[in-house]
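Have a look at the structure below, then the notes.
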Amino acid sequence: DAEITQSPRHKITETGRQVTLACHQTWNHNNMFWYRQDLGHGLRLIHYSYGVQDTNKGEVSDGYSVSRSNTEDLPLTLESAASSQTSVYFCASSDPRQGREETQYFGPGTRLLVL
Amino acid sequence: AQSVTQPDIHITVSEGASLELRCNYSYGATPYLFWYVQSPGQGLQLLLKYFSGDTLVQGIKGFEAEFKRSQSSFNLRKPSVHWSDAAEYFCAVGAGYNQGGKLIFGQGTELSVKP
């Protein structure tokens with residue numbers, strides 16, 4: 001079955017280190033999204049991509065970057081991790097060919113702790 | 001600007017009782033509306049979605065939601081709650097396929113189920 005996976009599922013890092021979170025989907029979806037989930041804020045959009053070599057900033061993009069070298073993967077990089085980036089990170093993908101019924105499907109999440 | 005409000009942060013119901021989770025949205029055009037459920041430690045699973053047509057939408061696990069344009073609401077209901085329904089529920093509004101399918105989430109409602 002097609003799916004969307006994230007790795008690692010849990011990560012502890014130190015302030016100032018660079019961290020990369022992986023997201024891989026096998027649905028061949030062009031659209032991919034990264035969100036962070038924090039208590040009281042729901043999910044907030046960090047970055048998104050509509051296809052290979054396309055990346056866009058979301059609502060809370062400062063301190064994060066993404067790159068899209070193929071359809072399947074959208075890694076999220078924290079350039080210099082800060083304690084404020086302790087959060088749960090979710091990746092999602094969707095197929096724009098669904099038109100009006102485009103629906104996002106989510107990965108299992110990565111829990112990141114920055115000490 | 002688009003926004004989603006879930007007025008109830010936490011709700012507790014008894015097993016077998018009925019459930020209604022509230023969701024209000026602010027959106028200038030016809031909204032695309034979603035309910036997702038997140039079980040502890042898990043990713044988000046799509047419960048149901050509304051794009052057009054019948055305003056009463058059926059979803060998985062016995063859930064339904066009703067779109068009321070006049071009230072800008074999309075409340076989630078279940079006639080009889082099971083202990084396994086304990087989870088966090090998120091309402092989301094979509095910006096539409098012509099805006100890249102981005103979602104805006106509410107803050108979430110945590111549901112506890114008493115035996």
Over chain A, calculate the relative contact order: mean separation of alpha carbon pairs under 8 Å at least 6 apart, over the residue count, as a percent.
34 percent
Spelling out what I want: for every residue of segment A:70-78, take phi, set θ = phi - 60°, compute 6.51 cos²θ - 1.76 cosθ + 1.60 (Karplus), and round to whole Hz; glycine and proline get x.
8, 5, 7, 10, 9, x, 10, 10, 9
Summed residue charge, Cβ within 10 Å of B:Gly108's Cβ, Lys/Arg positive, Asp/Glu negative
-3
Along each of the three principal axes of the Cα atoms of the protein assembly as shown, give the extent in whole Å, ordering the values from largest to smallest.
48, 39, 37
Count the lysine pairs in the protein assembly as shown whose Cα atoms lie under 15 Å apart, taking only pairs 8 or more positions apart in sequence or on different chains.
5
Cα extents of chain B per principal axis, largest first, Å, are 44, 29, 23
Calc'd 3J(HN,Hα), segment A:85-100, phi into Karplus 6.51 cos²θ - 1.76 cosθ + 1.60 (θ = phi - 60°), Hz, glycine/Pro = x, comes to 8, 4, 5, 10, 10, 10, 9, 9, 9, 8, 10, x, 5, 6, x, 4
Exercise: per-residue mean of other protein chain Cβ atoms within 10 Å, A:91-99
3
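With charges set only on the Cβ (+1 for Lys and Arg, -1 for Asp and Glu), what does the dipole of the protein assembly as shown come to about its Cα centre, in debye to the nearest 20?
The calculated dipole for the protein assembly as shown is roughly 220 debye.
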To the nearest 20 debye, chain B has a Cα-centred charge dipole, built from +1 on Lys and Arg Cβ and -1 on Asp and Glu Cβ, of 220 debye
Please list, in order along segment B:73-90, the HN-Hα scalar couplings obtained from phi with the Karplus expression 6.51 cos²θ - 1.76 cosθ + 1.60 (θ = phi - 60°), rounded to whole Hz, x for Gly and Pro.
10, 8, 7, 9, 9, 8, x, 8, 7, 10, 4, 6, 7, 4, 4, 9, 10, 10
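Using Cβ counts within 10 Å as a stand-in for footprinting exposure, how do A:Tyr50, B:Tyr27 rank, fewest first? Each step should come with its number before you reach the end.
Numbers: A:Tyr50 15, B:Tyr27 18.
Final ranking by Cβ density, sparse to dense: A:Tyr50, B:Tyr27.
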Report D for chain A in µm² per second (integer): Stokes-Einstein, Kirkwood Rh on Cα pairs, 20 °C, 1.002 mPa s.
152 µm²/s
Using the count of nearby Cβ atoms within 10 Å as a rough guide to exposure, how do B:Glu88, A:Glu102, B:Glu110 rank from fewest to most?
B:Glu110, B:Glu88, A:Glu102
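All of the numbers you see were taken from the coordinates with simple rules; none came from a lab. Since the structure is predicted, the reported quantities are computational estimates derived from the model, not experimental observations. Note that we place each Cβ from the backbone using ideal geometry, even for glycine, and neighbour counts take in every protein chain shown.
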